[in-house]
1. Working from Cα positions, state the angle (0 to 90°, nearest 10) between the long axis of helix 305-315 and the longest principal axis of the chain.
2. How much length is gained on full extension from Gln324 to Asp238, taking 0.36 nm per residue of separation minus their Cα-Cα distance?
3. Modelling each spin label as a point 7 Å along the Cα-to-Cβ direction, I'd like the Val248/Asn331 distance in nm, to one decimal.
4. Taking θ = phi - 60°, what integer Hz values does the Karplus form 6.51 cos²θ - 1.76 cosθ + 1.60 yield along region 19-30, in sequence order, with x for Gly and Pro?
5. Using only Cα atoms, tell me the angle between helix 363-378 and the longest principal axis of the chain; keep it within 0 to 90° and round to the nearest 10.
6. Please work out how much length the chain gains when fully extended from Thr86 to Asn136, using 0.36 nm per residue of separation minus the C-alpha to C-alpha distance, in nm with one decimal.
7. Can you give me the solvent accessible area of Lys326 with a 1.4 Å probe, rounded to the nearest 10 Å²?
8. So if I place +1 on the C-beta of Lys and Arg and -1 on the C-beta of Asp and Glu, and nothing else carries charge, what would the dipole magnitude of the chain be about its Cα centre? I want it in debye, nearest 20.
Amino acid sequence: MNKTGPVQHWNLGIGPINCHAWNKDRSQVAVCASSHEVHILEWKNGEWVTIHVLNEHDLPVTGIDWAPETNKIVTCSQDKNAFVWTFENKTWKPELVVVRINRAATCVRWSPLENKFAVGSGDKLVAICYYEKENNWWVSKHIKKPIRSTVTCIDWHPNNVLLAVGACDFKNRVFSAFIKEVDEKVAPNPWGTKMPFGQLMSEFASKGWVHQTLFSPSGCRLAWVSHDSSLTLVDANDTKEAKLFTQVHCTPMLPFTCLRWVSENTLLAAGHDCSPVLYAVANGDFKQVCKLDVQSAQQSTTSSAREMFQSIDKRATSAKVDTQLKSLHQNTIMQILAHSGAPNNVVKVTTCAVDGLIAVWDLKETIEFCRNANAQVAH
């Protein structure tokens, strides 16, 4: 185990990691390294060891989610398929899902009650999948209109019915994903009263394609990050003339690719700047609290003759160019997940990135560490 300041991190040695998911007790993690395989690793004798490899997909896996209570894993891929994996007799057995899409699947999420899941796709639709006991297989219903481009992200409301959908048509929408076969009638909430399947509850414009959208722990707030380097907030309880308004917070940073609510009033965002940033919601807008910028371990500066000639070949100079970033992650952060704590009081989060690292951030210790470091620099 490596540790930089208060942050534990590991290079799993399987290449760039685009998504990961934890089991209930956080003793195992499923990761995908932009390939058709999903590696399941277990913590043994102070290191992560691969114990299973899920290789049913034919093309790169684009999404993983691990249901904590049922212990089922769902995966989706560019091969237009999704599989539900069940652990039986010490092996993971796949069940093919009838997704019925003609383009790559892009994202997947279990619902809070784990009785259905949603699959986003490049087919300009979202497939809501559930288990049909009569035929003993996973079937799907489609939410299509008015989505006009690739679905990039999805997130479930805590009531197990509403679904936030971000897409490349510069829109973020809230749909009803009520399935009468598995859902009970849901009570009215700030997002609406009548919720038949496929009903468009709200639609919000964005100035860039949406990278990730996320409901707050209460479900009353919706936040998303777009490719225009902005954070956007909608509070369903804050209505004027029966209309919801978006509060856009533009940042000077490179675009965020992911975010995670750590309480009802605070969230983390991360992306191409390679460092998570903590924001607080105040007066209906985001306020930056601090940047969790833990310094990376410095590598040896000794250069060999081979490195010198490589530098001449790549940069037309023999001088050594320092390409080491000052952040822990050395490339784009792709995902932030809650690791420990309650949904409205997350204590630790994990990040995965294109540099092949998975890091566990203790929020309280990391915030204090960063503030002390900034205070020392100021003096």
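The values are calculated or read from the model by the stated rules, or taken from the named source; none is laboratory data. Source: prediction; values computed, not measured. Cβ placement follows ideal geometry from the backbone for every residue including glycine, while neighbour counts extend to all protein chains displayed. Ligands, DNA and RNA are excluded from the accessible area calculation, which covers all protein heavy atoms including side chains. Shrake-Rupley method; radii C 1.70, N 1.55, O 1.52, S 1.80 Å.
1. 60
2. Length gained between Gln324 and Asp238: 26.5 nm.
3. 3.1
4. With the stated coefficients, region 19-30 comes to 7, 8, 8, 9, 7, 4, 8, 6, 8, 9, 9, 9 Hz.
5. The angle comes out near 40 degrees.
6. Gain on stretching Thr86 to Asn136: 16.6 nm.
7. Around 150 Å² of this residue is reachable by solvent.
8. Around 580 debye, computed over the chain.
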